[in-house]
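The values are calculated or read from the model by the stated rules, or taken from the named source; none is laboratory data. Not measured: the values here are computed from a predicted model. Quick reminder, even Gly has a Cβ in these numbers, built from the backbone with ideal geometry, and neighbours come from all protein chains shown.
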Amino acid sequence: MRPVQAAFPAARFRRLRRTEALRDLVQEHRLTVKDLIWPVFIRDGKGIEEPVASMPGVNRLSLDRLLSAAERAHKLGIPAICLFPYTDPSVKTETCEEAWNPENLTNRAIRALKAELPDLAIMTDVALDPYNANGHDGLVRDGVILNDESVEALVRMTLVQADSGADIIGPSDMMDGRIGAMRAALESAGHKDVAILSYAAKYASAFYGPFRDAVGASGALKGDKKTYQMNPGNSDEAIRLIERDLREGADMVMVKPGMPYLDICRRVKDTFGVPTYAYQVSGEYAMIQGAAERGWIDGKKAMVESLLGFKRAGCDGILTYFAPAVAKLLDSAA
């Protein structure tokens, strides 16, 4: 339906922009702290806050520092964090068995967080790249990323994370059929209430570089991920993938990266009307932070504007490294 609008001068759009109060009254989309999931990098050790050089302001945290940071985030009202491990190269193998070790870093972190902050939702990453000597999200044989064998490994990883207390499973691997296999396994194991937020439309993007530095996967990666991540030129395929994942049992879906794919976010929300998320990935974050550090842009304003764009595109929430900073900003403005 097209809105009815009087002609100028009866209609002056600037009337409702004249003061902050008037602008607030007619603002169509708003960003709140409840829209945020905070991705956090973790590592072994104690008392460690290790800066990620390519992501200004982001650190790898040892578990004791993770607990402190999570508590601060929880007090700010951030409803969920997502864990990404920096894995010691000595435990990376071609068979990736560390991925489903109940005592691996991620599973220890889940249990520690749930013991201290039971109301904070914990999301995990399900992909083999942190544990893979080849740096890929799936198992590799003779240079080929195996689909069905990888799904079996990912299911094992999923069940151990659920056993540890994860609230949300985040499959980021892009193997075919993994959502159905994970959902069936979770149901069979009694984890009927564990949610799946599927990285359903994950593109083979140039914007992931800083993340791979943060988890120590850059040096290990052999080749690229174009045989399982999406072609950036495709849009209809994203809709087909999301429909498939929903039919297989995904509760929520994600588009990744975020800002270059806002058109996909909008299509997903309009087509399916399901909880839709975007990941403002490491490269997006690094560009804003890098430009802000050089005085080229106003960092705070660019941060809020970028996140508001996700809401305008139909997203129900955003995974963003800006979560603590924007939560503080929103809290101070309340």
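Points to keep in mind about this one:
- When residues of region 16-38 are limited to those that are under 25 Å from the mean Cα position of the chain (by Cα) and of a type in the set (V, I, T), the one surrounded by the fewest Cβ atoms within 10 Å (Cβ to Cβ): T32
- Single condition F41 does not satisfy, out of (1) in contact with a helix residue (DSSP H, G or I) (Cβ under 6 Å, 6 or more places away or on another chain); (2) modelled with pLDDT of 95 or more; (3) assigned to a loop (DSSP other than H, G, I, E, B): (3)
- Checking K301 against (1) within 17 Å of the chain's Cα centre (by Cα); (2) more than 24 Å from K202 (Cα to Cα); (3) not hydrophobic (A, V, I, L, M, F, W, C), the condition it does not meet: (1)
- Residue count, region 255-296 (criterion: touching a residue at least 12 places away in the same chain (Cβ under 8 Å) and closer than 12 Å to D316 by Cα): 11
- Extreme residue, modelled with the highest pLDDT, among residues of region 142-161 that are of a type outside the set (D, E, K, R) and over 17 Å from E97 (Cα atoms): V144
- Cβ-Cβ contacts under 9 Å between residues 6 or more apart (or on different chains), taken from a first residue in region 172-187 that is under 26 Å from G135 (Cβ atoms) to a second residue that is of a type in the set (D, E) and at pLDDT below 95, are listed as S172/D129; S172/D137; D173/D129; D173/D137; M174/D137; M175/D137.
- Of all residue pairs spaced 6 or more apart or on separate chains, those with beta-carbon atoms under 8 Å, a first member in region 39-58 that is surrounded by fewer than 16 Cβ atoms within 10 Å (Cβ to Cβ) and a second member that is in a loop (DSSP other than H, G, I, E, B) and among the hydrophobic types (A, V, I, L, M, F, W, C) are P51/V58.
- Residue list for region 192-226, restricted to those being closer than 28 Å to K269 by Cβ, part of a loop (DSSP other than H, G, I, E, B) and either free of Cβ contacts under 8 Å to residues at least 40 places away in the same chain or under 14 Å from the mean Cα position of the chain (by Cα) (or both): K192, D193, V194, A204, K226
- Count of region 172-224 residues which are surrounded by 17 or more Cβ atoms within 10 Å (Cβ to Cβ), modelled with pLDDT of 95 or more and among the basic types (K, R): 3
- Condition met for V52 (out of contact with any Lys or Arg (no Cβ under 7 Å at 6 or more places or on another chain) and over 19 Å from I110 (Cβ atoms)): no
- Residues (surrounded by 16 or more Cβ atoms within 10 Å (Cβ to Cβ) and among the hydrophobic types (A, V, I, L, M, F, W, C)) located in region 261-273: L262, I264, C265, V268
- Scanning region 134-172 for residues that are within 12 Å of T227 (Cβ to Cβ) and either under 19 Å from the mean Cα position of the chain (by Cα) or among the aromatic types (F, W, Y) (or both) yields H136, D137, G138.
- Considering residues of region 124-133 that are surrounded by 22 or more Cβ atoms within 10 Å (Cβ to Cβ) and of a type in the set (A, V, I, L, M, F, W, C) only, the residue farthest from D224 (Cα to Cα): V126
- Top-ranked residue of region 292-334 - restricted to ones that are out of contact with any Phe, Trp or Tyr (no Cβ under 8 Å at 6 or more places or on another chain) and not in a helix (DSSP H, G or I), ranked as surrounded by the most Cβ atoms within 10 Å (Cβ to Cβ): A313
- Identity of the residue in region 88-116, hydroxyl-bearing (S, T, Y) and under 24 Å from D142 (Cα atoms), that ends up surrounded by the fewest Cβ atoms within 10 Å (Cβ to Cβ): S90
- Qualifying residue in region 284-299 (condition: at pLDDT 95 or above and closer than 18 Å to I196 by Cα): no
- The sole residue among A313, A325, A278 that is over 15 Å from L36 (Cβ atoms) and within 17 Å of the chain's Cα centre (by Cα) is A313.
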